[in-house]
Amino acid sequence: MASNGDVIRRTNVPTTKRTRRKKYVDNDNASRKKDRTKKRRLEEERNRRAALVFFASFVFCVAVLFLYLRPRRPHYGTDTERYARAKSLRDAALSGDDSGKPNLRLRNSKGPNGVRYLDPRQLPPLPDEPEEPYYGKGRKGGFQGMGDDAWKADAQSKHRQTGGGGPKVDYTKHKYQYPELMFEPPNDGTYPLLQPMSTIFESWEQDALDSPPETLVEVLQHFDYQDPEQLKAATKYRDLELPFKVYNVPEVDAANLKWTDDYVASHFNGVNDDDAPQIRGQCQQSVDNFFAFFRPATWSVELLGAPPSIDLDWTYDMWARHAVYADEASLPVNKAHYYWQSGVPREERLQKRRHWTFVSRDLPSFSSPDPTFFGFNPPAQKGIQCRFGERGVTAATHYDGGRNMIAMIKGAKRYILSPPNVCPQLGIVTSHKHPSYRHSMLNFGRVTLLDKKDSNVEMSGREKEWLRIAAEAPTLSTVLKAGEVLYVPSHWFHYIVSLQKSAQCNTRSGIHKEGNKNFGGLADVEECIGTDD
């Protein structure tokens, strides 16, 4: 007789089979449903991609059509007026005037008297004119030249006549009157004393190098570097971002004696007797005595005319010979002038001394990896820049972001300083892509010629208007002579005239953004020229 358990087991067998079949059917249906969902999603994804491709193609076609049909940007400038002005100037230079004769004045960037003609296209728009963005392209390799040897015969003659006597006026021995020392710097805007630029140049014209005032009156504080109290006062001026000068600096005085032409040339030529590595330099030539900063890679001759200067393959020896000749002959401003530039990279100060060039070795306070009075923020130091100028060489105004210590090793230079809040009056180029962005192309010495009817210097209307604006800019003039160091605060503009054969090196110690409350700082400059792109 069957037990109850057997009955239960037998009655459960058919139920289990039916359940298994149901589960199999359910699983099969779920799998098919999942496949259909996946297929639908793939189809939707393909449709979305197709729509996206169609939309992108449509946008691309519209953009191409817009670029093709839109009004073309004038090739010679940025607006109709600039295009017309540039085209007329270019046509005048290439095609000649009404007589059919070529207009060599524009082609050679010189007027009939041999003085540079400043092409108005190189200047920024006047305050009431619209902005003029720049789109030109130049030469990545720069503008190269061969120099001129015609001066050599005259140099020998002048040397025999003068007996190698040097310049007619030696500014290292000239008479100066310095202000009374103020150990506590005034911070009320009364120091330094500023005057309109026209007054500065009327009292001593820029190119009157052989006839300066009998006594040159200085306005900057003049501190003895080796006097502890005076050095402490100088530090206070530096901290307030006020310009000043120091003298009696042992390493600068030692370099003055050491840096003969033979000594410097041996290091540039790599034939020096010591173990210092060779240093590199570059000679530049201008058609007259005026030099202005520009980036060759974006300087278009077609748009802007001839560049301010060209690079030469002269050695330092050749440059030095011409600089001596310029002193002895009182080289006229309308003759070609030459400028020698060199520099020490910021990495050099971190290397062992045997890898230092003669500049770093002879100016250890400028290259030290540790803070000094001159290089007081080593991490922000960008190396040492050295400039060797000959008589008359004039560098257009510009500013440096870094706090600048400038040591005059040889000779003398005249510095024309203007504070940051004067930027709108200096004709600073504000178009970011312009090759002279953040610099001025104006020759400030011409402010004295604006009202002279007998002036033989040709100037465009735009140049005259900018000079009238600059003539009122608050400015100071100071002569920096061998053995002195000048402090130029962050963002102060400086315009430089080499009074005789000279050598100067500088180092910068980081940016002071705030500047001085009375004279402005970074914010004033940025408001004037805008910020970098």
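The values are calculated or read from the model by the stated rules, or taken from the named source; none is laboratory data. Computed from a prediction, not measured in an experiment: that's the story for all the values here. All Cβ positions, even for glycine, are placed from backbone atoms using ideal geometry, and neighbour counts span all protein chains on display. Keep in mind that these areas ignore ligands, DNA and RNA; they rest on the heavy atoms of the full protein, side chains included. Shrake-Rupley method; radii C 1.70, N 1.55, O 1.52, S 1.80 Å.
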The stretch 319-400: translational diffusion in µm²/s, Stokes-Einstein, Kirkwood Rh over Cα pairs, 4 °C, 1.567 mPa s: 87 µm²/s
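Viscosity 1.002 mPa s, temperature 20 °C: what is the translational diffusion coefficient of the stretch 135-237 from Stokes-Einstein with a Kirkwood Rh over Cα pairs, rounded to a whole number of µm²/s?
Working: Rh = 19.0 Å.
Estimated diffusion coefficient is 113 µm²/s.
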Which residue, chosen from PRO192, VAL264, PRO213, occupies the Cα position most advanced towards the positive end of the dipole of the stretch 131-280, where the dipole is computed from +1 (Lys, Arg) and -1 (Asp, Glu) charges on Cβ about the Cα centre? VAL264
Heavy atoms of the protein only, probe of 1.4 Å, neighbouring chains included. What is the accessible area of ASP148 in Å², nearest 10? 70 Å²
Computed on Cα atoms, the radius of gyration and Dmax of the stretch 400-533 in angstrom are 15.9, 47
Given the C-alpha centroids of the stretch 413-431 and the stretch 444-509, what is the distance between them in whole angstrom? 9 Å
Net charge of Cβ neighbours under 12 Å - reference LEU363; Lys, Arg +1; Asp, Glu -1: -1
What accessible area per residue comes out for the stretch 237-320, rounded to a whole number of Å², with a 1.4 Å probe? 39 Å²
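Based on the alpha carbons, how large is the Rg to Rh ratio for the stretch 201-276 when Rh follows Kirkwood?
Numbers: Rg = 18.3 Å, Rh = 16.1 Å.
A ratio of 1.13.
Hey, what's the stretch 335-447 come to in accessible area per residue, 1.4 Å probe, Å²?
Details: 3230 Å² over 113 residues.
That works out to 29 Å² for each residue.
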So for each of 474-485, 430-441 I average, over its residues, the number of other beta carbons within 10 Å; can you give me the resulting order with the highest mean first? 474-485, 430-441
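Could you check how much of the accessible area of the stretch 437-533 is carbon and sulfur, as a whole percent, using a 1.4 Å probe? Let's see the in-between values first.
Details: 1520 of 3480 Å².
Solvent-exposed carbon and sulfur of the stretch 437-533 make up 44 percent of the total.
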Hey, could you pull the Cα Rg and Dmax for the stretch 313-460, both in Å? 18.8, 61
With no solvent and one equal point scatterer placed on each C-alpha of the stretch 460-533, evaluate the Debye formula and give log10 I(q)/I(0) for q = 0.12, 0.16, 0.19, 0.21 Å⁻¹, two decimals. -0.51, -0.87, -1.10, -1.18
Summarise the accessible area of the stretch 350-416 (1.4 Å probe, protein heavy atoms) by the percent that is carbon and sulfur. 51 percent
